[in-house]
Every structure is written in C-alpha cells, then in structure tokens.
Amino acid sequence: MKSLVYQYLGCLILLSALSAQAAETAPKSTLSAYPEKVQLIGNRSRQQLLVSGTQDKQTVDLTRTVKFQTDQPAVIQVDETGVIHPLANGVATVIVSDGAQSIKIPVEVKDFDKQTLIDFEHDVHPMFSRFNCNGGSCHGKQRGQGGFQLSMFAFDPEFDYAALTKESRGRRASPLAPDQSLVLLKGAGKVPHGGGKKLPANSSYYQLLEQWIAEGATRSVADTPKLVKISAYPTEQIMQPKTKQQMVVTAHYSDGSTRDVTDLAEYMSSESV
C-alpha cells in the first residue's frame with residue numbers, strides 16, 4: 001500500500017517539476033513597438049509605428065504582419081501600416097496583436113482644433129526631395145527641366161520658393177486657382193509631365209500642397225522653430241535577403257519639439273543588394 005502511495009506522490013512531484021520547467025521554457029512575449037507612447041499635436045500630425053519581434057534569436061520587423069486597432073476610434077485612427085492620425089483631442093490606446101501576443105501603446109492628442117498655416121520649409125520643400133524632383137536627372141540639373149529649375153537636393157530653399165511661386169508668371173502655384181497650379185496639374189499627371197505622375201490627386205501630399213497654395217503659398221510662418229537634426233530608428237539592423245524593414249524618421253526642432261517625418265524623408269541605399 002505504501003509503495004502505491006509513494007509511486008503516486010512521485011508522479012505528482014514529477015508532473016509539478018515538468019510543469020515548472022515548461023513554464024520557464026515557454027516563449028516570453030517578444031512583441032515590441034517604437035515609439036512606446038505617442039503624443040500627437042495638431043490636426044496634421046501623424047505617427048508611424050514600428051513593431052518588432054524575435055525569430056531565431058534575431059530581431060525582425062513585424063509591422064506589416066500584425067493587426068492594429070484602437071479603443072477610441074473617435075479620437076484616433078490607425079491604419080493597417082501602423083500610421084496613427086488624430087481625429088479629436090483626448091487619450092486613446094492602440095492595441096497591436098500578432099494573434100498570439102498583444103501590446104498596448106498609449107496615445108495623447110492635443111491642440112487638434114488649433115489652426116496653423118502650412119510652412120514651406122518644413123512641409124512643402126521636403127516633397128521635392130521625397131519624390132526626387134530636385135535630383136540631377138530632373139529639375140535639379142544645371143538648367144532645370146522644362147523651364148523649371150530647383151536647387152540640387154534642396155540646397156537653397158529661397159531659390160526653390162522663388163522658382164515655384166514667382167517664375168512662369170505665377171502659374172506654378174496660383175492662390176487664386178489652387179487646383180489649376182502647374183505644380184499640381186503636372187505632379188498629378190493631369191497635363192503632360194516628363195517626370196510622370198508623382199502626386200496622385202487623392203494623396204496626402206497633393207492635398208497638403210494644394211492647401212498651402214490656397215493659404216497664399218507663404219514663404220514661412222511666424223515663430224516656426226528651426227530644424228536641428230533628424231534621427232532614424234532602427235539605427236542598424238541585420239536583415240535576411242528579400243525581407244523588408246520599416247523605418248521611423250523623426251525631426252528635432254530648436255524649441256525641443258519633435259515630429260514624425262517618415263513620410264517626407266528621402267531614402268537612399270549605399271549599396272544595392
């Protein structure tokens with residue numbers, strides 16, 4: 001009888017040990033997001049999220065494979081690529097899930113109702129680099145292209161502003177008829193353009209440029225802080241062939257503020273592989 005009791009107790013001890021070992025060896029949550037919290041200031045702000053995980057002890061980008069949702073759809077919108085847009089002042093949470101794990105990212109929206117003018121140097125000028133309009137094979141070459149010349153790689157904002165607003169009898173950016181501005185008509189491919197269709201009419205870039213022109217195509221907005229630097233995350237990454245990596249690019253300004261400029265940045269590789 002005692003033998004049976006000892007065998008029973010032995011089985012219980014073994015099962016407990018195996019359960020403890022399984023708990024210790026069970027994979028822990030490796031899902032992480034950058035940034036870990038988000039503050040959106042103004043109705044034109046945005047934030048790209050970068051979601052990472054671990055596979056075979058290596059950090060991999062999961063941004064395009066996870067699902068995003070929010071607990072406050074009246075405050076923020078988050079799309080399938082992990083971009084957050086503000087809808088109203090308030091606080092919300094973005095829930096990121098890969099089916100097995102989930103993480104939460106707190107979001108705060110401020111000054112949504114505050115109306116601010118679009119700034120040429122911060123908002124409009126970067127577009128010419130973003131779409132390679134000012135490269136050496138396009139409007140950035142020595143004599144420009146099609147009568148429209150820009151400084152190489154946005155070197156001279158003043159020159160570019162004058163070329164956009166004062167040359168060609170003001171037809172490139174016309175506040176009196178924004179939708180008839182040549183920069184929009186050619187960019188959207190509505191009239192012949194040697195560089196092809198760069199700005200689809202339903203794109204956020206087109207809409208921002210059209211709004212800037214409608215506001216008067218001003219050179220600068222009063223009290224606008226100066227750009228100090230940009231930073232990119234991740235700073236380095238080991239990747240396997242035919243894989244992709246989401247980047248998050250942040251602009252840092254002289255007043256200490258920051259801004260997500262992932263969609264405005266130009267990306268180049270030192271090597272094509």
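The values are calculated or read from the model by the stated rules, or taken from the named source; none is laboratory data. Since the model is a prediction, treat every value here as computed from it, not as a measurement. Cβ placement follows ideal geometry from the backbone for every residue including glycine, while neighbour counts extend to all protein chains displayed.
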Item to check | Options Asn89, Asn134: the member that is touching a helix residue (DSSP H, G or I) at 6+ places or on another chain (Cβ under 8 Å) and touching a residue at least 12 places away in the same chain (Cβ under 8 Å) | outcome: Asn134
Checklist entry - Within the bounds of the stretch 178-186, is there any residue that is over 16 Å from Phe131 (Cβ atoms), surrounded by fewer than 12 Cβ atoms within 10 Å (Cβ to Cβ) and free of Cβ contacts under 8 Å to residues at least 24 places away in the same chain? => result no
Checklist entry - Given Ile105, Ile118, Ile84, which one is within 19 Å of Asp260 (Cα to Cα), β-branched (Val, Ile, Thr), outside any strand (DSSP E or B) and in contact (Cβ under 8 Å) with a residue 40 or more places away in the chain? => result Ile118
Next on the checklist: For the stretch 66-93, give me the residue count where each residue is in contact with an Asp or Glu (Cβ under 7 Å, 6 or more places away or on another chain) and among the β-branched types (Val, Ile, Thr).
Outcome noted: 3
Next on the checklist: I want to confirm something. Restricting to the stretch 25-78 and keeping residues that are part of a loop (DSSP other than H, G, I, E, B) and among the hydroxyl-bearing types (Ser, Thr, Tyr), which single residue is farthest from Ile238 (Cα to Cα)?
Outcome noted: Ser45
Item to check | Per-region count, the stretch 245-273, residues among the charged types (D, E, K, R) and over 17 Å from Val83 (Cα atoms) | outcome: 3
Item to check | Residue among His139, His193 that is surrounded by 13 or more Cβ atoms within 10 Å (Cβ to Cβ), modelled with pLDDT under 90 and either touching a strand residue (DSSP E or B) at 6+ places or on another chain (Cβ under 7 Å) or not in a loop (DSSP other than H, G, I, E, B) (or both) | outcome: His139
Checklist entry - Does the stretch 96-117 hold any residues that are within 27 Å of Thr30 (Cβ to Cβ) and either surrounded by 16 or more Cβ atoms within 10 Å (Cβ to Cβ) or within 17 Å of the chain's Cα centre (by Cα) (or both), and which are they? => result Val96, Asp98, Ile103, Ile105, Val107, Glu108
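Per-residue answers, yes or no, for (1) assigned by TED's automatic domain parsing to the domain that holds Leu184; (2) farther than 30 Å from Thr54 by Cβ; (3) at pLDDT 95 or above:
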{"site": "Leu199", "(1), (2), (3)": "yes, yes, no"}
{"site": "Asn202", "(1), (2), (3)": "yes, yes, no"}
{"site": "Leu209", "(1), (2), (3)": "yes, yes, no"}
{"site": "Glu236", "(1), (2), (3)": "no, no, no"}
{"site": "Lys244", "(1), (2), (3)": "no, no, no"}
{"site": "Ser254", "(1), (2), (3)": "no, yes, yes"}
{"site": "Thr258", "(1), (2), (3)": "no, no, yes"}
{"site": "Val273", "(1), (2), (3)": "no, no, no"}
Next on the checklist: over 27 Å from Arg44 (Cα atoms) and outside the structural domain of Val261 (by TED's automatic domain parsing): is that true of Gly187 in this structure?
Outcome noted: no
Checklist entry - Which ones in the stretch 25-51 are at pLDDT 95 or above and within 16 Å of Asp98 (Cβ to Cβ)? => result Ser32, Ala33, Tyr34, Leu49, Leu50, Val51
Next on the checklist: Here is a check on your reading of the model: is Thr243 touching a helix residue (DSSP H, G or I) at 6+ places or on another chain (Cβ under 7 Å), in contact (Cβ under 8 Å) with a residue 40 or more places away in the chain and at negative phi?
Outcome noted: no
Item to check | Meets criteria (buried (at least 18 other Cβ atoms within 10 Å of the Cβ) and farther than 29 Å from Val228 by Cβ) for Phe120 | outcome: no
Checklist outcome for this item: Per the list (1) of a type in the set (S, T, N, Q); (2) at positive phi; (3) at pLDDT 90 or above, residue check on Gln180 breaks on (2)
